[in-house]
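Colleague: Below is a structure I'd like to ask you about.
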Amino acid sequence: MLYEHTLISLGILLFWSNWITLALTQQTFFPSAVPLAVRTPTFNCWLDTRNGTNPIDTWPTFWNDQHILGWAGYIKVDGTTYRWLGSPVSGIHDNASVWLATEVTPTRTILTVQAGPMLLNVTFLSPIEPSDWARQSFPFSYVYLDGKATDGQQHSIQLYSDISGEWVTKDLETGIQWSSSQTSNTVFHQVKSTTPKSSFEDVAEDAVAYHAISSMQPGLVSLVGSGLALRAQFSAAGTSLALNSDLTGNIGNVKGTNGKFPVFAHALNLGTTDTLSTVAWAVGVVRDPVLTFSGVQRRAYYWSQHSTIGDAIDAFITDFQAARARAIALDQKVLQDAVAISPDYADLVSLGTRQAMAGVEITLSILPDGSFNMSDVKAFMKDVGNSRRVNPTETIYAALPAFMYLDANITGVLLEPLLEYQSSSSYGNSYAAPDLGTTFPSVPGNPDNNAIYGVENSGNMLILVLAHARSTGDGSLIVKYYNLLKRWADYLTSNVLDPEQQTTADDTGLTQTHGNVTNLALKGIIAIQAMAGISQIMGQTPDVQKYERFAKSLMQTWVNLTATSGQLRWTYGDSTFGLMYNLLADKLLKLNVVPTSIYTAESTTLSNNPAQAFGFALSSDSNSNTRSDWTLFSAAAAPDIETRNLLISGVHKHASSNLTNGTFPTLYNVLTGLGPGAGVSPNGFGSPAQGAMFSVLALNVANKTVVVPSPPASRSKTGVIAGGVVGGVALLLLLGIVVVIFLRWRRHRQVADGLAAPRPYMTTVFGGSSMAPTNPSSNSLAVPPSRPAGAGSPFISPKAALMSGVPGHVAPEPTLPPASSQLPSSSVPRGTEELRSEMERLRHEVEQLCATQGVPQEAPPVYH
């Protein structure tokens, strides 16, 4: 009872605080669309407010801004009806409420309207529950009303809300069926297609939509009928609430007979009052299973806590007051941190938060007995606004700052399916995959062997894995997939400075597709340094030294090729410039591989190229197009507050420009603020990449001590014997290799002493291998011919610079660093020292192999 009174008191306090806030502040942020119910890629409802549109005179739409989602709301005051949601409908006699203001917070959108003598707050709440994946994965949202009479008088009040069958299909001719149910605390309607399809483009064709309300509400009437009939009955003059359905049966189609859309309504009679205490409805869109991965169906995480959808809806409705309190507390925390950066920045974070979190579906697999495997949590992201790709690495990379700030564990469960697939026999490339497939919700994996994005995706994955470990303290992914991560790092060491054969995955149709992008090479170098950090966590000192040396040397070469006259080139060998947004990865992970001078040079580059009306273009050759996510990455990486705020300001001007179109798109033109438009792919609408708005806040996320899981404490006798056998085989293999090395060393010595003729062998060089024989008497390596540069061209490719000894360019060491020796080199014959170094390297590799394969390194057991 005390808990209930506390919640009621808190609700009253929050109610009055809203009015005080509205009275003391004036709206300054005017997005062209605001989020209403945004929880998943397929439950993603927005309200168009562009060109000064009265939000009370337009239907909500799906994120693509092309499909209407029928959702209507009315209030009747003393017998006169006012609309607080939805477009006017012919034949229904209502009045549009007077729209006064719109407020957007990370979890809520609040429309303040005047309905006759009643001042209303209409609040759309999409819960964000970072510490509770059952709640976070439940695809439902609230809409609730608070109100107060402005004339001090009491009035007769009735309320009404409905949704239509448009929530479950984009085709108005689709057949639908519906039903209504009641639990101990809740009444809800459900509607679904009669021909559900597991494959769909945007609107989920296999979903079930729900409209629910607490059964404890006074004067409640819940029924299904045509929108025209029910809305007209409610709008009729008078204070009665006698609604009757004009539909027979429980099946029809979305549009209904003669265009009479079936709607699923809840109305209530509050009687006579001067205060409208909170009244809440819930709307949800459920898909079950969410998808199939590796041949296994996966269900949303919340099913592990609820046996039926009725139980889940009941819990959601009952939890409303506490959920609202949690949402407001989260809003206050986020906004307090964001306002400390700037008010403009707080607006961007508010608009992007729901968008980022709604891109993720958190799932569980099912055990043979029907229970949930709680140790198998995997998350899946749809590349909303750009493609139907599943878990695209560059979109996860863009959204990383939001996850780091709100719930860093989400990064790990998004990476797990990518890592699992690429460590299987289904994937054999030496570089990371771009995604898990191209047709959400189908998740077949992507075996694509197109290496054009090899640097991009490999760099993204290494940065993401280290970011997850440091922000959570969880080293399990690193231990489990260390060899896979090394494969990608080794690929980068050989390809990162050869950008004429690589391009960036954020080519969105707005920029030219070309190689030699210095920002891409920068990502790869930072990722190699990230691999050094990953190796440090594993305690693999030789690997730490190896990757640190590569990263340092490659960075020096990159600096020499990129920085000129205090500015940075966007592509090698020309005068283009752009947003070096990948600098953020170095800063975010505190790797310090990028010299301070480079951050300063980027700031200088931007100051020497003034911003346009809506900020900076992605690059000087991008036809004035840009991306808001990468701009915020650049802002967070800026070395000074002035540059940071200048970059934030450009994105804010776009987001607040009421003349633009789309649901907070990532893509737009810096001259006009306009993007590609609805129906164009890509357009960046509704993209989870807007998690990049948290870039500046993510810089304050503290690193945690990474815990590496220990191996099992004990094994069965059978396991020890098997391990001993494997260990014995490994030992025999090691001895064989030692003999081969010794014979090879002895032959080298014979060649040096003139006792044997030299034989040709293959020489490995950085970035490839030469099949040509090497002449022992020559001091140069046999290098395959490279593509000749154009006559008079001042540009030498980075790889050529590394391999040709161009002055001013430092070449990375082409092999692992030699093991240190306790004796001075002069006291040991050169051949003996080489043999010892080779043996030491081999010993490290065998130890690592044993560790990763779980092979015991003690002596084999004694057999009797």
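Colleague: Relative contact order for region 2-330: what percent, with Cα pairs under 8 Å and sequence separation of 6 or more?
Modeller: Numbers: 728 pairs, mean separation 59.6, N = 329.
Computed over region 2-330, the figure is 18 percent.
Colleague: For region 281-304, list residues with backbone N below 11 Å from a point placed 7 Å from the Cα of ILE68 toward its Cβ?
Modeller: Those under the cut-off are none; the list is empty.
Colleague: Further question on the same structure: Taking R0 as 60 Å, what's the FRET efficiency between SER430 and THR28 from their Cβ-Cβ distance, rounded to 0.05? Show your work: numbers first, answer last.
Modeller: On the way: r = 51 Å, r/R0 = 0.85.
Given R0 = 60 Å and the Cβ-Cβ separation, E is 0.70.
Colleague: Then there is this: In terms of modelled amide H atoms, which long-range or inter-chain residues lie less than 5 Å from the amide H of CYS45?
Modeller: LEU36, ALA37, VAL38, ARG39
Colleague: Shifting gears a bit: Under a Cβ-Cβ cut-off of 15 Å, what is the net charge of the residues other than THR49 that fall near it, where Lys and Arg count +1 and Asp and Glu count -1? Don't jump to the answer; show the numbers that get you there.
Modeller: Values: positive: ARG50; negative: ASP48, ASP57, ASP65, GLU103, ASP347.
In short, -4.
Colleague: Report the extension gain between SER607 and SER245 in nm, rounded to one decimal, defined as 0.36 nm multiplied by the number of residues separating them, less their alpha carbon distance. Write down the numbers at each step before the final one.
Modeller: On the way: separation 362, 0.36 × 362 = 130.32 nm, distance 6.53 nm.
In short, 123.8 nm is gained.
Colleague: At a 10 Å Cβ-Cβ cut-off, how would you order THR576, THR472, THR257, fewest neighbours first?
Modeller: On the way: THR576 17, THR472 20, THR257 11.
With the fewest neighbours first, THR576, THR472, THR257 line up as THR257, THR576, THR472.
Colleague: May I pose another question? Please list log₁₀ I(q)/I(0) at q = 0.12, 0.13 Å⁻¹ for region 2-330, using the Debye equation with identical point scatterers on the alpha-carbon positions.
Modeller: Log10 of I(q)/I(0), two decimals: -0.82, -0.97.
Colleague: When GLU166, GLU416 are ordered from fewest to most other Cβ atoms inside 10 Å of their Cβ, what list results? If you can, show how the numbers build up before the last one.
Modeller: Numbers: GLU166 28, GLU416 20.
The fewest-first ordering by Cβ neighbours comes to GLU416, GLU166.
Colleague: Let me ask something else. Let me know the volume per residue of the alpha-carbon convex hull for region 206-328, in Å³.
Modeller: 165
Colleague: Suppose the chain between SER681 and VAL708 were pulled fully straight at 0.36 nm per residue; how much longer would it get relative to their current alpha carbon spacing?
Modeller: On the way: separation 27, 0.36 × 27 = 9.72 nm, distance 4.24 nm.
So the chain would gain 5.5 nm between SER681 and VAL708.
Colleague: Which FRET efficiency value, to the nearest 0.05, do you get for ASP376 and SER624 by plugging their Cβ-Cβ distance into 1/(1 + (r/R0)^6) with R0 = 51 Å? Intermediate values should be presented prior to the final figure.
Modeller: On the way: r = 47 Å, r/R0 = 0.91.
For R0 = 51 Å, the calculated efficiency reads 0.65.
Colleague: For region 43-122, what log10 I(q)/I(0) values come out of the Debye formula at q = 0.11, 0.12, 0.14, 0.24 1/Å, with one point per alpha carbon and no solvent?
Modeller: Ignoring solvent entirely, the Cα scatterers give -0.29, -0.34, -0.47, -1.24.
Colleague: Counting Lys +1, Arg +1, Asp -1, Glu -1, what net charge surrounds GLY684 among other residues with beta carbon under 11 Å of its beta carbon?
Modeller: Working: positive: ARG627; negative: ASP383, ASP506, ASP629.
Summing Lys/Arg as +1 and Asp/Glu as -1 gives -2.
Colleague: Taking the Cβ-Cβ separation of GLN114 and GLN332 as r and a Förster radius of 25 Å, what is the calculated FRET efficiency to the nearest 0.05? Please report the intermediate quantities before stating the final value.
Modeller: Numbers: r = 27 Å, r/R0 = 1.08.
The calculated FRET efficiency here is 0.40.
Colleague: Any idea what diffusion coefficient region 258-407 gets from Stokes-Einstein, in µm²/s, Kirkwood Rh on alpha carbon pairs, 4 °C, 1.567 mPa s? Show your work: numbers first, answer last.
Modeller: Working: Rh = 19.1 Å.
After rounding, the answer is 68 µm²/s.
Colleague: Note the direction-averaged projected area, equal to a quarter of the hull surface, for the Cα convex hull of region 112-191, in nm².
Modeller: On the way: hull surface 35.6 nm².
Computing the convex hull of the Cα atoms and averaging its projections yields 8.9 nm².
Colleague: Just want the ordering: LEU172, LEU406, from fewest to most Cβ atoms lying within 10 Å of their own Cβ. Write down the numbers at each step before the final one.
Modeller: Values: LEU172 16, LEU406 24.
Neighbour counts put them in this order, fewest first: LEU172, LEU406.
Colleague: A further question follows. Can you pull the one-decimal nm distance between simple spin-label points at SER184 and VAL98, each 7 Å off the Cα toward Cβ?
Modeller: 4.7
Colleague: How would you order 43-49, 54-60 from highest to lowest mean count of nearby Cβ atoms within 10 Å? It would help to have the intermediate numbers written out before the result.
Modeller: Details: 43-49: 24.0, 54-60: 18.4.
Ranked from most to least packed, the peptides come out as 43-49, 54-60.
Colleague: Let's see if you can work this out: charge +1 on each Lys and Arg Cβ, -1 on each Asp and Glu Cβ, no other charges. What is the dipole magnitude of region 299-380 about its Cα centre, in debye to the nearest 20? Intermediate results must be reported in sequence, preceding the final value.
Modeller: Details: 6 positive and 10 negative charges, 7 e Å.
Computed about the Cα centre, the dipole is about 40 debye.
Colleague: Sticking with this one: With a point put 7 Å past each Cα toward its Cβ, work out how far ASN54 is from ASP171 in nm, to one decimal.
Modeller: Distance between label points: 3.7 nm.
Colleague: Quick one: if you stick a label point 7 Å off each Cα along the C-beta vector at SER575 and THR439, how many nm between them?
Modeller: Roughly 4.9 nm, to one decimal.
Colleague: Cα centroids of region 411-466 and region 274-350: how far apart, whole angstrom?
Modeller: Between the Cα centre of region 411-466 and that of region 274-350, the gap is 29 Å.
Colleague: Can you tell me how much longer the chain between ASN450 and SER156 gets when fully stretched, taken as 0.36 nm per residue apart minus their C-alpha distance, in nm with one decimal?
Modeller: Working: separation 294, 0.36 × 294 = 105.84 nm, distance 6.72 nm.
Here the segment from ASN450 to SER156 would lengthen by 99.1 nm.
Colleague: What does the C-alpha gyration tensor say about the overall shape of region 340-698? Classify as rounded when a/c is under 1.5, otherwise prolate if a/b is larger than b/c, or oblate. Intermediate results must be reported in sequence, preceding the final value.
Modeller: Working: a/c = 1.60, a/b = 1.17, b/c = 1.37.
It is oblate, given that a/c is not under 1.5 and a/b is not larger than b/c.
The numbers here are math on the coordinates, done by the rules we state, and not lab data. In this text the structure is predicted, and so the values were computed from the model without any measurement. Every residue, glycine as well, gets a Cβ built from its backbone with ideal geometry; the counts of neighbours run over all protein chains shown.
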